[in-house]
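Asker: Quick one: this structure, given as structure tokens, is what I'll be asking you about.
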Amino acid sequence: MSTEPPRYPSPDDDPFQKRPPQQPPQGGGGGSPYDTPPPGSAPPPPPYDGDPYGGGPGGYGGQDPLAGMPPLADSGKRVLARIIDMVLVGIVVGLLTWLFGTAEYDIDPDEVNTGKSFGQSLLAAVLYIAYDTFMISRTGQTLGKKWLGMRVANLNDGATPTLQTALARAAVLWLPFAFCCACVWTVICGGWSFFDKPYKQGLHDKAAKTVVVSA
């Protein structure tokens, strides 16, 4: 039996992470006529500082963070992918509520048990958050996004979101589902991408600093 400790993949091995362009060699020698810009030319833009919401031109930290990424996903396809995911998780929620007796209402003309309604909403929110967090932190794709050819990426480097980032994104989207607003908040949060510029972000994307791109 080998005594070597297990090796885990480095974050740098993420195939989706953007790589900085290779710089030409500096210094003396033959050089290239393109090493030095001609007199009177505009200076190169400042390097991107890694903060998509920092200072710099346009308020986005210098260069466009989307440079080197695939195109942004269509908002209509995002909605369709979300509906697919809601149906898939909703089937699981329905089975569990049936098994554990947390049906939404007791059909009684004299009493409506709202406590069971809250229990079902809470169960749904927990399952949606767990599903989104696990899938997005693993590959950047839920099943709906995978089937429709898109993925979630960090805005600053294009990499697959970490577990912490995916959890924050899912919590903003699904946690209000258990306490108020239910589907209304989900529609507002996700539908924000139809109007947001320049990154087509939902409110949950803004909270986690992520974007959805074509895969």
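Asker: About the Cα centre, and with charges only on the beta carbon of Lys, Arg (+1) and Asp, Glu (-1), how big is the dipole of the stretch 134-215? Nearest 20 debye, please.
Answerer: Charge dipole, the stretch 134-215, about its Cα centre: 140 debye, nearest 20.
Asker: Also: Can you compute the modelled spin-label distance between Phe118 and Gln164, with each label point 7 Å from Cα toward Cβ, in nm?
Answerer: 3.2 nm
Asker: Need the full-extension length gain, Leu175 to Trp147, defined as separation in residues times 0.36 nm minus the C-alpha distance. One decimal, nm.
Answerer: Here the answer is 7.6 nm.
Asker: Could I ask something else about it? Under the 0.36 nm per residue contour assumption, what length would be gained going from the current alpha-carbon distance of Ala67 and Ile83 to full extension? If you can, show how the numbers build up before the last one.
Answerer: Values: separation 16, 0.36 × 16 = 5.76 nm, distance 2.96 nm.
Length difference between fully extended and current span is 2.8 nm.
Asker: Okay, moving on. Pop out the Kirkwood hydrodynamic radius of the stretch 153-209 from its pairwise C-alpha distances, inverse of mean 1/r, in Å to one decimal. List each step's numbers first, then the result.
Answerer: Numbers: mean 1/r = 0.0856 Å⁻¹.
After inverting the mean inverse Cα-Cα distance, the result is 11.7 Å.
Asker: How many nm separate the modelled label positions at Leu99 and Ile188, each set 7 Å beyond the Cα in the direction of the Cβ?
Answerer: 3.4 nm
Asker: Using a Förster distance of 25 angstrom, determine the FRET efficiency expected from the C-beta separation of Thr139 and Ile91, and round it to 0.05.
Answerer: Working from the Cβ atoms, E equals 0.70.
We did not get these values from a lab; they are worked out from the coordinates using the rules stated. Quantities reported herein were computed from a predicted structural model and do not represent experimental measurements. Methodologically, a virtual Cβ is constructed for each residue, glycine included, from the backbone with ideal geometry; neighbour enumeration extends over all protein chains shown.
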